[in-house]
């Protein structure tokens with residue numbers, strides 16, 4: 001068995017072929033894949049993402065995140081020995097200069113056992129028409145794409161949809177909503193679609209973008225650039241990335257701590273009276289629901 005194939009199959013270091021020597025790149029890939037799988041397993045267990053008999057539609061954007069997600073879900077299915085189906089779906093939104101051929105060829109060669117659907121829907125003209133000047137195309141674009149994916153999932157008989165959003169996406173969304181919207185609103189690891197019949201999953205919610213980017217580079221995934229987003233200037237998300245980079249200079253664990261904070265909320269130390277009441281507290285005093293009497297740092 002070739003070393004790279006052994007790593008892909010999750011073979012442990014102890015069971016590699018006799019005399020096999022991992023070069024630095026193979027070691028890095030093995031370590032990265034193990035770390036990412038550990039975090040994916042954590043998310044899956046904590047939010048009951050993967051269950052017997054599931055039929056999961058994995059949304060393939062053509063980027064590093066969704067490619068990594070599909071690879072890891074396939075491997076995790078083998079590790080957990082749970083019977084669930086994976087179906088990969090990509091939406092060609094007819095953006096100028098788009099060529100999905102590399103993605104189609106890659107899916108056929110790397111995932112011959114996973115059904116792949118290439119959906120063509122011209123949403124580009126709608127996005128350009130509906131987006132106001134100096135506003136991000138992403139909001140309208142993602143909303144239209146989400147509707148297409150939801151409909152396709154129902155058509156395919158899927159009960160779950162897996163998206164490639166990661167920890168950085170969740171943290172940046174939280175920061176954007178706090179700074180520009182005045183709301184503590186991030187990204188849930190799992191939620192039910194408004195149509196009520198689909199569970200929407202973010203299995204990479206505990207994985208950071210830097211690890212995913214490194215993994216995708218080592219695996220040489222074909223990346224289809226989004227010309228729509230890359231041609232826009234003055235977008236808010238890149239500015240938030242810079243802000244988070246500054247915070248990491250103050251504390252190397254800043255992003256991890258923010259992610260942890262999203263799952264460790266103390267309602268009595270916040271101002272949301274509805275949240276206090278929902279947690280069984282007095283909405284005014286915050287009493288009788290939180291034993292932590294320590295003062296905020």
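Each value in this text was obtained by applying a stated rule to the coordinates, not by laboratory testing. Keep in mind it's a predicted model, so treat the numbers as computed, not measured. Virtual Cβ from ideal backbone geometry, glycine too; neighbours counted across all protein chains shown.
Quick notes on this structure:
- Förster radius 25 Å - calculated FRET efficiency between residue 99 and residue 235 (Cβ-Cβ, nearest 0.05): 0.55
- Treating each Cα of the range 160-207 as an identical point scatterer and summing with the Debye formula, the log10 of I(q)/I(0) at q = 0.15, 0.24, 0.26, 0.31 Å⁻¹ comes to -0.42, -0.84, -0.90, -1.00.
- Computed extension gain for residue 118 through residue 184, at 0.36 nm per residue and net of the alpha carbon distance, reaches 20.1 nm.
- Approximate spin-label separation residue 25-residue 173, in nm, with each point projected 7 Å along Cα-to-Cβ: 3.5
- Ranked for footprinting exposure by Cβ neighbours inside 10 Å, fewest first, 122, 54, 65 give 122, 54, 65.
- Residue 252/residue 151 FRET efficiency (R0 41 Å; Cβ-Cβ; nearest 0.05): 0.40
- Going by neighbour counts of Cβ atoms within 10 Å, the residues 154, 161 line up, fewest first, as 154, 161.
- Shape of the range 67-113, Cα gyration tensor, a/c cut at 1.5: prolate
- Label point distance in nm, residue 109-residue 287, each placed 7 Å from Cα along Cα→Cβ: 6.9
- Least to most buried among 68, 173, 217, 246 (fewest other Cβ within 10 Å first): 246, 217, 173, 68
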